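Peer 1: Provided herewith is a single structure, encoded as structure tokens, for subsequent inquiry.
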């Protein structure tokens, strides 16, 4: 019997709002702040799939309360499409107090704008 | 043209020195913080502007400020030092929401952007609520 890995409690979705398509093959990374050393520890590196998503960001066990950062390599993404962009990268820093919940962190972006929100 | 009309127009013109002073203090980079959760300007939010030193990959602090009653912060940078580089605007959103007695998902917001043509004007607003934010390149 195959063992299904649990879904990550933290998910993301990159949407290219300028072209009305998912943000495909964008590199991203998740970091956790080590509050004692005040440095960022790299947790995961990934690339968005054909739907602009990146499953398996973090395990439930590893998702402890703390400050996290999602970094999206937006500059490289637009470059791969043959465009320049105003933002070389986007970093979203957020605080997790109740890691038992689900957190969905989308990034909606164009070459000259972006937005994000806390979803579930 | 009547003398009265001439006097009226003259009143709208600044003398040469004042013009120069205004031009010097006009920042080519501006921001505007809007509290979209409550539909008001983001007043008294601390923020800072940094420039990336490409040789060391370190951020150099250029200026700090606090938004005024309209959510704006004039005089971020002068045109003379506004070189083509990578900059970062950091907004102390966590402290802002805390001062309103609220928690927030984002302890701070940093917007990193590239300036290739510093002769233009760049407006970088931050529209934020406790659980969302957005920004765009305005003029």
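The values are calculated or read from the model by the stated rules, or taken from the named source; none is laboratory data. Predicted model, so just to flag it, every value in this text is computed and none were measured. Please note: Cβ atoms are built from the backbone with ideal geometry, for glycine as well, and neighbour counts cover all protein chains shown.
Peer 1: Take the residues of segment B:92-115 that are more than 20 Å from residue A:104 (Cα to Cα) and either within 8 Å of another protein chain (Cβ to nearest Cβ) or at pLDDT below 95 (or both): which is surrounded by the fewest Cβ atoms within 10 Å (Cβ to Cβ)?
Peer 2: Among residues in segment B:92-115 that are more than 20 Å from residue A:104 (Cα to Cα) and either within 8 Å of another protein chain (Cβ to nearest Cβ) or at pLDDT below 95 (or both), the one surrounded by the fewest Cβ atoms within 10 Å (Cβ to Cβ) is B:114.
Peer 1: Could you identify the single residue in B:131, B:82 that is at the interface with another protein chain (Cβ under 8 Å from one of its Cβ atoms) and either modelled with pLDDT of 95 or more or in contact with a helix residue (DSSP H, G or I) (Cβ under 6 Å, 6 or more places away or on another chain) (or both)?
Peer 2: Testing whether each residue is at the interface with another protein chain (Cβ under 8 Å from one of its Cβ atoms) and either modelled with pLDDT of 95 or more or in contact with a helix residue (DSSP H, G or I) (Cβ under 6 Å, 6 or more places away or on another chain) (or both) leaves just B:131.
Peer 1: Can residue A:55 be described as away from chain B (no Cβ under 12 Å) and modelled with pLDDT of 95 or more?
Peer 2: The answer is yes for residue A:55.
Peer 1: Still on this structure, please answer the following. Condition first: crowded, with 19+ Cβ neighbours inside 10 Å and in a loop (DSSP other than H, G, I, E, B). Now tell me which residues in segment A:59-72 satisfy that.
Peer 2: Of everything in segment A:59-72, just one residue is crowded, with 19+ Cβ neighbours inside 10 Å and in a loop (DSSP other than H, G, I, E, B), namely A:63.
Peer 1: Six or more apart or on different chains, Cβ under 8 Å: which pairs go from a residue in segment A:56-85 that's touching a residue at least 24 places away in the same chain (Cβ under 8 Å) to one that's assigned to a helix (DSSP H, G or I) and buried (at least 17 other Cβ atoms within 10 Å of the Cβ)? Could you list them?
Peer 2: A:84/A:78; A:85/A:74; A:85/A:75; A:85/A:77; A:85/A:78
Peer 1: Search segment A:76-91 for residues being out of contact with any helix residue (DSSP H, G or I) (no Cβ under 6 Å at 6 or more places or on another chain) and crowded, with 20+ Cβ neighbours inside 10 Å, and hand back the single one that is nearest to the other protein chains (Cβ to nearest Cβ).
Peer 2: A:86
Peer 1: Would you confirm whether any residue within segment B:51-62 is modelled with pLDDT of 95 or more, within 11 Å of chain A (Cβ to nearest Cβ) and under 22 Å from residue A:75 (Cβ atoms)?
Peer 2: yes
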